[in-house]
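The values are calculated or read from the model by the stated rules, or taken from the named source; none is laboratory data. Every value quoted in this text rests on a predicted model; they were computed, and no experiment measured them. Reconstructed Cβ throughout: ideal geometry from the backbone, glycine too, with neighbour counts over all protein chains shown.
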Amino acid sequence: MIDMFLNFLEESSSITLLVIGLLGFYFIAINWIFIYKLFSLNTWHLNEEKALKSGLQTQEVSQYSYLHRFLKLKPVFDEKVLELAKNASKKDSTRGLSFLSIVASTSPFIGLFGTVVSILETFKNLGDSELGAIAVIAQGVSEALIATAVGIFVATFAYTYHAILKRKAYEIFELLNMQSNIAVMQKNIGNRTASSSTTSNQAPHQQTQNTNTTTHNQAVHNPENTHLHNFQQANNHHSINMSNNNLNNNEQPHIKEEGF
């Protein structure tokens with residue numbers, strides 16, 4: 001196995017070795033990024049699940065949540081702060097995924113480039129070779145295709161890692177979104193409670209004011225009632241005057257008779 005590898009290094013062109021070396025660096029880098037990001041995202045995911053369970057019980061944003069460190073910067077609750085926190089979480093959770101996407105899309109082409117260069121050198125050396133044409137071409141093509149195989153191998157791992165980490169980042173973002181909805185719902189409930197309390201305190205005063213306003217409006221807009229009330233008062237005064245006159249007429253003869 002070692003001898004085959006050493007023979008491959010001796011017989012391969014410098015371009016092929018350069019391409020394989022670059023793809024090897026890619027492979028080491030994507031594995032390091034995947035292990036680091038997977039560990040950090042798993043820890044973050046567990047904290048957000050714990051924060052969501054706590055938020056469902058207390059109806060508040062938990063201290064374990066990623067949103068908490070943004071909300072504590074501003075004493076007054078603001079939905080714009082939640083949007084800022086969610087955007088920041090998306091940026092942090094997807095950091096490094098762009099490199100995996102680049103490796104997944106470029107690795108096959110890098111390997112193919114090494115293969116094409118190796119085949120060109122094979123045809124160049126075909127005329128100088130003492131061996132048969134088929135033997136020279138077969139050996140050159142077999143060595144050249146190794147670069148393409150390495151490129152496809154690296155791209156497969158890079159694409160798989162990218163899909164796994166992207167799913168983890170999406171789950172974290174949705175957990176944060178649910179916590180944000182809980183916080184907004186709790187704020188709306190508090191606002192409705194305060195509004196209903198203020199309305200109940202203002203209701204008696206408003207009812208008294210409405211009653212006075214209604215009475216005044218009736219007096220202004222119904223002049224017939226006003227005339228009727230004045231007519232009744234005049235009749236009452238006339239009846240009192242008639243009673244007083246009758247009483248005076250009855251008392252006068254009695255006075256004269258006593259004087260005679």
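Here's the yes/no breakdown for (1) among the basic types (Lys, Arg); (2) closer than 30 Å to ILE137 by Cα; (3) within 27 Å of the chain's Cα centre (by Cα); (4) not in a helix (DSSP H, G or I):
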| residue | (1), (2), (3), (4) |
| --- | --- |
| THR16 | no, yes, no, no |
| PHE25 | no, yes, no, no |
| TRP32 | no, no, no, no |
| TYR36 | no, no, yes, no |
| HIS45 | no, no, yes, no |
| SER54 | no, no, yes, no |
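Could you check, for the stretch 25-46, whether at least one of its residues is in contact with an Asp or Glu (Cβ under 7 Å, 6 or more places away or on another chain), modelled with pLDDT under 95 and in the same structural domain as ILE102 (by TED's automatic domain parsing)? Yes.
Output the residues belonging to the stretch 21-57 that are among the small types (Gly, Ala, Ser) and surrounded by 18 or more Cβ atoms within 10 Å (Cβ to Cβ).
Initial filter on the stretch 21-57 (among the small types (Gly, Ala, Ser)): 21, 24, 29, 40, 51, 54-55.
Matches in the stretch 21-57: ALA51, GLY55.
Checked against the criterion of being of a type in the set (Gly, Ala, Ser), modelled with pLDDT under 80 and surrounded by 14 or more Cβ atoms within 10 Å (Cβ to Cβ), the candidates ALA183, ALA133, ALA158 yield just one match: ALA183.
For ALA85, are the conditions met, namely being in contact with a Leu (Cβ under 6 Å, 6 or more places away or on another chain), in the same structural domain as PHE27 (by TED's automatic domain parsing) and either without any contact (Cβ under 8 Å) to a residue 60 or more places away in the chain or surrounded by 18 or more Cβ atoms within 10 Å (Cβ to Cβ) (or both)?
Working: in contact with a Leu (Cβ under 6 Å, 6 or more places away or on another chain): yes; in the same structural domain as PHE27 (by TED's automatic domain parsing): yes; either without any contact (Cβ under 8 Å) to a residue 60 or more places away in the chain or surrounded by 18 or more Cβ atoms within 10 Å (Cβ to Cβ) (or both): yes.
In short, yes.
Can we say ALA194 is part of a helix (DSSP H, G or I), at pLDDT 95 or above and in the same structural domain as ASN42 (by TED's automatic domain parsing)? In short, no.
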